[in-house]
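The values are calculated or read from the model by the stated rules, or taken from the named source; none is laboratory data. All values reported here derive from a predicted model rather than from experimental measurement. Here the Cβ is made from the backbone with ideal geometry for all residues, glycine too, and neighbour counts use every protein chain on show.
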Amino acid sequence: MSLPLISLMIVIPLIGAIIAFISKTRNQARYAAIIASIIPLLITVKMYFQLDPSKMWVVESYDWIPLAGIKYAVGVDGISMPLILLANIVIPLTILFAFGETKQASKFYGLLLLEQVGVLGVFSSLDFFMFYIFWEVTLIPMYFLISIWGGPRKNYAAIKFFIYTHVASLVMLLGIFSLYFTALAKTGVPSFDIAYLIGMYSGFDPAIKDIIFFALLFGFLVKMPAVPFHTWLPDAHVEAPTAGSVVLAALLLKMGGYGLFRVMLPMLPNTTNTSMIITVIAIIAVVSIVYGAFLALAQKDLKKMVAYSSISHMGYVTLGFVSLVPLSVTGAMYQQFSHGLITCILFMSCGIIQHGAHTRIINDLGGLVKKMPKLTFLMLGGFLASLGLPGMSGFIAEFTILAGAVTTLYVYVLIAVFGGIAVTAAYHLWAIQRAMFGVFNEKLGDVHDMARYEMISMAILLLLVIYFGIKPDLVWDVMHAGANMVLAGANI
Amino acid sequence: MNYSPLIPELIVVLTGLIVVFFGLFLPLRVKKGLGCISALALIASIVYILKSGVLSTSERAGIYFYEAYAIDSLSQFFKLVFLAVSLIVVIASIKRYENNKYQDEYYGLLLFATFGMMIVASSNDLVTLFIGFELASMSTYVLAGFDKTNPKSLEAAMKYFIIGSVSSAIMLFGLSLLYGVTGTTNIEGISAYIAVNGILDAAGIAILVFLIAGFAFKMALVPFHMWAPDTYEGAPTMISAMLAAGSKKMGFVAAFKVFIVALIALRLDLQSVFFILAIITMTYGNVVAISQKSIKRMLAYSSVAQAGYIAMAFVIMTPLAMGAGMLYILSHAFMKSGAFIAVGAVTHMMWTRNKNVENADYLKNFAGLSQRAPYTALAMLIFVFALAGIPPTAGFVSKFFLFSSAIQAGYIALVVVAILNSAVSLYYYARIVKYMYVLPPAGETLKEPRAYLLAMLVAIIAIFAIGIYPAPFLDWAMNAAATIGM
C-alpha cells in the first residue's frame, strides 16, 4: 500500500502550524516551522520523479458528502506539480528569510505555514468544493499577516484585501454552482469533480455558458490580478510585512493563474462566442502588461513599484493563456513559476532596505551599494531577472509566450512588445540606479547589510532563477506535457 | 401505543419541576448542583434523540393525543437545536449565577422555555402550537429581566413582553381566522380542506398577514425586529444567546409547519412576501450592524441579518432549500449562542475585576483580548468567522447549500443580494477580530472562567463537526424537509 503522499504534504504544515502556535519560545516556533515546511518539499521531490505529467495522477479519493456528490479528492499532474514545487520552495525560504522575526513570532510562523496548507490544497484539489474551501482558507492567514505585522495603513489594506478578494471568490462560487446544477439537470448525477464538470460544459445551453464562464473568469482575474481589478494589490503589498508580500506575490497570485489553466483553458474553446471572449481577455492581458509597467515606472516607493511590476508580469500569464498555442501556454505556466521565484527576491530586497535604511522612497535612498554590497549584488540579480535578461528564467518564459502568441494574437503581441518591454527595463534599471548606486545619502545614517539567513535565502532563490534560466527542462517538460494534455482535451 | 419517543420532553419538564421544587429547600452553596442536574437532563435528552434514529428517516415515528402531537425528523431536528442551545446556555450559567439565590428559578424557567419550544416543534395542531409558543415566550419574558438590579435588563424584559404579547395576540387572531375558514385546527386537516375546497383570496391574504406578523416577530425579520436589538443588548447575555439561537428558531419551525404544511396552497403569495422580507432583513441587519459600539447589539443585528438568509428558504421552496435552511438553523444555533457566550465571558471577567464597569460589552473592551484572554479570543474568532461564512466552519457549509439551492431554482437576484450582504457582514466581523488580535490590550490579563470555556468548546466542536463532515447533518436536514412534504 502506498502512502497518501499528497494528503501528508497538506497535513504536515498544518501540524507544524499548530505546534508553532502553541510553542512557548521563538526558537521552538521557528525550527518547528522550518522543519514542517521542508518535509512537503521532500515529498514533492519524491512525487516529481514518479509523475507521469501527461495525465492526472489521482492519489486519494473518498466520498465526503455523498448526497451532494462532494468528494475529498487530491491529485497532481503537469499543471499543478510545478506550482506545488514552487510553493514548497518559497515557503521554507520565506520562513528562513524571516528567521529574525521577534514580534509574536510563534503566530507569525504558524500563519505562514497555514498559508502553505491553503495554497497546496488549492493546487491539488480535484473537487470544486475542496478547491473553494482552500481558496478561501488562504485569505485568513494573509489578513492576519497584514493586519498584525503590517505598515502604517495596515487596517485599511487588510480589510480591503479581505473583502475585495472574498467578493470575487463568491462570484466564482456562483459560477461553480451554475456549473454544478446545469450538469445535474442534464444527467441527474450530482458531482463537484472539476474535470467532470468542465467536460460537461461543452454540452450546455448557450445562454448559461457565458454567465458561468465570466463568473469563474472574474474570480481568477481578481486574484491574479488583472487590470482593472488590481486595486487591492498595491495596498495589500505595501502594507504587508515582507514575508507576507512574498507569499502574496509568489503564491496567492499564482492561484489565479492556476485557475486559468485548470478551469478556464478547457472551457474557452467551447464558449458560445469564443473569438469575442479571446479578444476581451487579450485586451485585459495587454493592458495589464503595459499599464502595469507604466504604473511601476511612476512609483516613488520601491515596494509599490515591485507590486505594480507583478501586475505587469502576471499580464504575460493571461496573454500566454489566451493565445491557445502549446508553446505560449507552457510559457505562461513557466512565467508563473519563474515570477514566483523572482518576485521573492524583489520583495525581500525591499524588506531589507526598509529595515536597514528605514525608508523605501527611491529618491531618499542612493548609494546604498557602499553600505550594502551583498544586498546590492543579489538585488541586481533579481532585477535583471525580472526585466527579462537572457540566461535567467524570466526571459525564457516571456520569450516563449510572445513567440507562441505571435501566431494567433499578432497585434496584441506587438503592443506588448513595444509598449511593455522597454518600459519594464526602464523602471527596473532606473529604480536600482537611483536607490543603490550614485552618491550615498548621508541622511540615512548608519545602514547595515543583510543578516546571514536573509542572504542564504535570497542566494538560493537567485541560483534557482539562474538554473531555470539555463536549463528549464526539469520544469518545462512537465508543464509542456500538462499543457498538451489540456489543449488536446479541449480539441484545439 | 408506544409513548417512548416522548421521553426527551418528559425528562426536560420533570427536571424543571424538580429543580424548582428542591430549590425551595436547598441552601445557596449547593444550588450550583441544580444547574449541573439541568445540564445532565439536557444531555440525556439529546442522547436519546440521537439514539432513537428518528432523524435518519423521513417516516413519522408516532402521533399522539388525538393527532395533536407528532414525532418525526422535523420535530426531532428542531428539538436538537433547542436542547443544544439550552445546554450551552446552562453550562455557562453555572458560573455566571453561582452566587445568585434565585438560580433555581432561572434553571427551571430555562427548562420550561425549552419544553415550550419542543412542543412547538412537535405540534400538529394550531392550539398545541400556540400553547407551546406561549409557554416558551412567558418563560423567556421573565428570564430577560432576570438581572433585577440592572435597569437595562428590566427595560429589555418590558419591551420584549409588551411587543411579544401584542404579536401573540395578532398571531392568535390569524390562527382563529384559519380555524374559522377551514373548520379544523389540525395542521394536516387544514391542508387537506384547502386542497379540496380552496380558499378565498381575501381570507387567505388576511390570514397570511396576521400569521406572518406573528411569526416574524419571533424570527426577528425586518420590520418586526424592533424589540430584538434592545432586548438582546439589555437581557442577561446568556438569555440573549437563548433568544437569538433558540427562541428565534421556534418562530421558524412554527412557520415551517403553518406556512409550508397547512398553507402550501398560498405558496405564490408566500414566496413574494418572503422575497421582500428576506432581502430587507438581511440588508438592514448587516448595514446597521456596522455602526454598533456594543458587541451584543452588533450580534443582535447580525442575528437579524442571518434570519434574513434563513428566510430565503421560504422564497425558494425546493427540497434542497428547505434542507439547507434547516442546516443553517442548526449551524446558526451554535455560532450565535457561542458568540453570545464569548461576549458573556468577557463581561463576566470585566465584572469580577471591577463591579462598576459600565458598558462591559462594548467593542473597546475587546481590544487586545488575544493577549488578555487567549482562549476566549480564539473562540470568538471562530464564531465570527463561522458567522461570516468562512470555510471550514458550519457557517460556510450552510451558506454553500443555501445559496446553491437558490441558484438551482433560478433566484439569481436573491443570491447576488445575499452575497453582497455576506461581504458587508465581513466588515464588522473582521472589525471584532481586529480589536481582539491587532490592537494593544486594554488592561491586564484576565482569568478565564472554566464553565464558559466548556460551553464555548461545545459550540466549537459542533461548528467544526458540521463544517468538516456535514454529510450526516445534511442528511437529517433533508429528512426533516421531506417530512413537511418537500
Study note, to complete from the structure: Exception for B:THR445 within (1) under 22 Å from the mean Cα position of the chain (by Cα); (2) part of a loop (DSSP other than H, G, I, E, B); (3) of a type in the set (Val, Ile, Thr) falls at (1)
Practice item. Residues being within 11 Å of chain B (Cβ to nearest Cβ) and in contact with a Ser or Thr (Cβ under 8 Å, 6 or more places away or on another chain): count how many of those fall in the stretch A:185-200. Key: 0
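Just to check your reading of the model, which residue among B:SER58, B:SER38, B:SER45 is of a type in the set (S, T, N, Q), out of contact with any Gly (no Cβ under 6 Å at 6 or more places or on another chain) and in a loop (DSSP other than H, G, I, E, B)?
Values: B:SER38 fails: in a loop (DSSP other than H, G, I, E, B); B:SER45 fails: in a loop (DSSP other than H, G, I, E, B).
One residue alone meets the criteria, B:SER58.
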Practice item. Give the number of residues within the stretch B:120-158 that are within 17 Å of B:GLU9 (Cα to Cα) and buried (at least 24 other Cβ atoms within 10 Å of the Cβ). Key: 8
Exercise for review: Select from the stretch B:389-406 the residues that are closer than 17 Å to A:ALA168 by Cα, facing another protein chain (nearest Cβ under 8 Å) and assigned to a helix (DSSP H, G or I) and list them in ascending order.
Suggested key: B:PHE396, B:PHE400, B:PHE403, B:SER404
Review point. Among the residues of the stretch B:251-272, is any outside any helix (DSSP H, G or I) and more than 21 Å from B:TYR328 (Cα to Cα)?
Key: yes
Exercise for review: Answer yes or no as to whether A:LYS254 is of a type in the set (Lys, Arg), closer than 30 Å to A:MET200 by Cβ and assigned to a helix (DSSP H, G or I).
Suggested key: yes
Point to revise | Counted residues, the stretch A:29-58 - those being part of a helix (DSSP H, G or I) and either small (Gly, Ala, Ser) or crowded, with 16+ Cβ neighbours inside 10 Å (or both) | key: 16
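Of everything in the stretch A:59-71, what is more than 21 Å from A:VAL486 (Cα to Cα), more than 10 Å from chain B (Cβ to nearest Cβ) and in a strand (DSSP E or B)? Give them in sequence order.
So the first thing to find is which residues in the stretch A:59-71 are more than 21 Å from A:VAL486 (Cα to Cα), and the list is A:60-71.
Adding the requirement that they be more than 10 Å from chain B (Cβ to nearest Cβ) leaves A:60-62, A:69, A:71.
Across the stretch A:59-71, the qualifying residues are A:GLU60, A:SER61, A:TYR62, A:LYS71.
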Practice item. Determine if the stretch B:349-372 includes at least one residue that is assigned to a helix (DSSP H, G or I), away from chain A (no Cβ under 11 Å) and touching a strand residue (DSSP E or B) at 6+ places or on another chain (Cβ under 8 Å). Key: yes
Point to revise | Condition met for A:TYR180 (of a type in the set (Ser, Thr, Tyr) and facing another protein chain (nearest Cβ under 9 Å)) | key: yes
Practice item. Report yes if some residue within the stretch A:289-300 is touching an Asp or Glu at 6+ places or on another chain (Cβ under 9 Å), in a helix (DSSP H, G or I) and modelled with pLDDT under 95; otherwise report no. Key: no
Practice item. Determine, yes or no, whether A:PHE129 is hydrophobic (A, V, I, L, M, F, W, C), within 11 Å of chain B (Cβ to nearest Cβ), over 23 Å from A:PRO234 (Cα atoms) and touching a residue at least 24 places away in the same chain (Cβ under 8 Å). Key: yes
Review point. From the set of residues in the stretch B:323-351 that are aromatic (Phe, Trp, Tyr) and over 30 Å from B:SER58 (Cβ atoms), which is modelled with the highest pLDDT?
Key: B:PHE340
Check your understanding: Can you tell me how many residues in the stretch A:453-474 are surrounded by fewer than 23 Cβ atoms within 10 Å (Cβ to Cβ), in a helix (DSSP H, G or I) and either hydroxyl-bearing (Ser, Thr, Tyr) or in contact with a Phe, Trp or Tyr (Cβ under 8 Å, 6 or more places away or on another chain) (or both)?
Key -> 4
Exercise for review: Starting from the stretch A:361-386, keep only residues that are in a loop (DSSP other than H, G, I, E, B), then list their pairs with residues that are among the charged types (D, E, K, R) whose Cβ atoms are within a distance under 9 Å, requiring at least 6 positions of separation or different chains.
Suggested key: A:LEU365/A:ARG434; A:GLY366/A:ARG434; A:LYS371/A:ASP446; A:LYS371/A:ASP449; A:MET372/A:ASP449
Practice item. Determine whether the stretch B:453-473 contains at least one residue that is more than 14 Å from chain A (Cβ to nearest Cβ), within 24 Å of the chain's Cα centre (by Cα) and modelled with pLDDT under 90. Key: no
Exercise for review: May I ask you to list the residues in the stretch B:435-459 that are of a type outside the set (A, V, I, L, M, F, W, C) and within 15 Å of B:ALA241 (Cβ to Cβ)?
Suggested key: B:TYR452
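Answer with yes or no whether B:ALA386 is crowded, with 22+ Cβ neighbours inside 10 Å, more than 9 Å from chain A (Cβ to nearest Cβ), closer than 27 Å to B:TYR328 by Cα and out of contact with any Phe, Trp or Tyr (no Cβ under 7 Å at 6 or more places or on another chain).
yes
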Review point. Of A:LEU233, A:LEU139, which residue is within 12 Å of chain B (Cβ to nearest Cβ) and within 30 Å of A:THR102 (Cβ to Cβ)?
Key: A:LEU139
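Conditions tested, residue by residue: (1) without any contact (Cβ under 8 Å) to a residue 60 or more places away in the chain; (2) out of contact with any strand residue (DSSP E or B) (no Cβ under 8 Å at 6 or more places or on another chain); (3) over 17 Å from B:LYS257 (Cβ atoms).
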{"site": "B:GLY174", "(1), (2), (3)": "yes, yes, no"}
{"site": "B:ILE187", "(1), (2), (3)": "no, no, no"}
{"site": "B:ILE190", "(1), (2), (3)": "no, yes, no"}
{"site": "B:LEU211", "(1), (2), (3)": "yes, yes, no"}
{"site": "B:PHE217", "(1), (2), (3)": "yes, yes, no"}
Revision key, fill the gap. When (1) more than 17 Å from B:GLY164 (Cβ to Cβ); (2) touching a residue at least 60 places away in the same chain (Cβ under 8 Å) are applied to B:GLU233, the one that fails is (1)
Exercise for review: Hey, can you tell me all the residues within the stretch A:150-159 that are at the interface with chain B (Cβ under 10 Å from one of its Cβ atoms) and under 22 Å from the mean Cα position of the chain (by Cα)?
Suggested key: A:GLY150, A:LYS154, A:ALA158, A:ILE159
Review point. Which of the residues spanning the stretch B:411-428 are of a type outside the set (Val, Ile, Thr) and either at the interface with chain A (Cβ under 7 Å from one of its Cβ atoms) or closer than 17 Å to A:LEU170 by Cα (or both)?
Key: B:TYR411, B:ALA413, B:LEU414, B:ALA418, B:LEU420, B:ASN421, B:SER422, B:ALA423, B:SER425, B:LEU426, B:TYR427
Review point. Out of the stretch A:26-68, which residues are of a type in the set (Ser, Thr, Tyr) and without any contact (Cβ under 8 Å) to a residue 24 or more places away in the chain?
Key: A:TYR31, A:TYR62
**Study point:** The listed residue being touching a Pro at 6+ places or on another chain (Cβ under 9 Å), β-branched (Val, Ile, Thr) and either in a helix (DSSP H, G or I) or buried (at least 24 other Cβ atoms within 10 Å of the Cβ) (or both), out of A:ILE140, A:ILE146
**Key:** A:ILE146
Exercise for review: Would you check which residues across the stretch A:256-299 are in contact with a helix residue (DSSP H, G or I) (Cβ under 7 Å, 6 or more places away or on another chain) and among the small types (Gly, Ala, Ser) and list them?
Suggested key: A:GLY256, A:GLY257, A:GLY259, A:ALA282, A:ALA285, A:SER288, A:GLY292, A:ALA293, A:ALA296
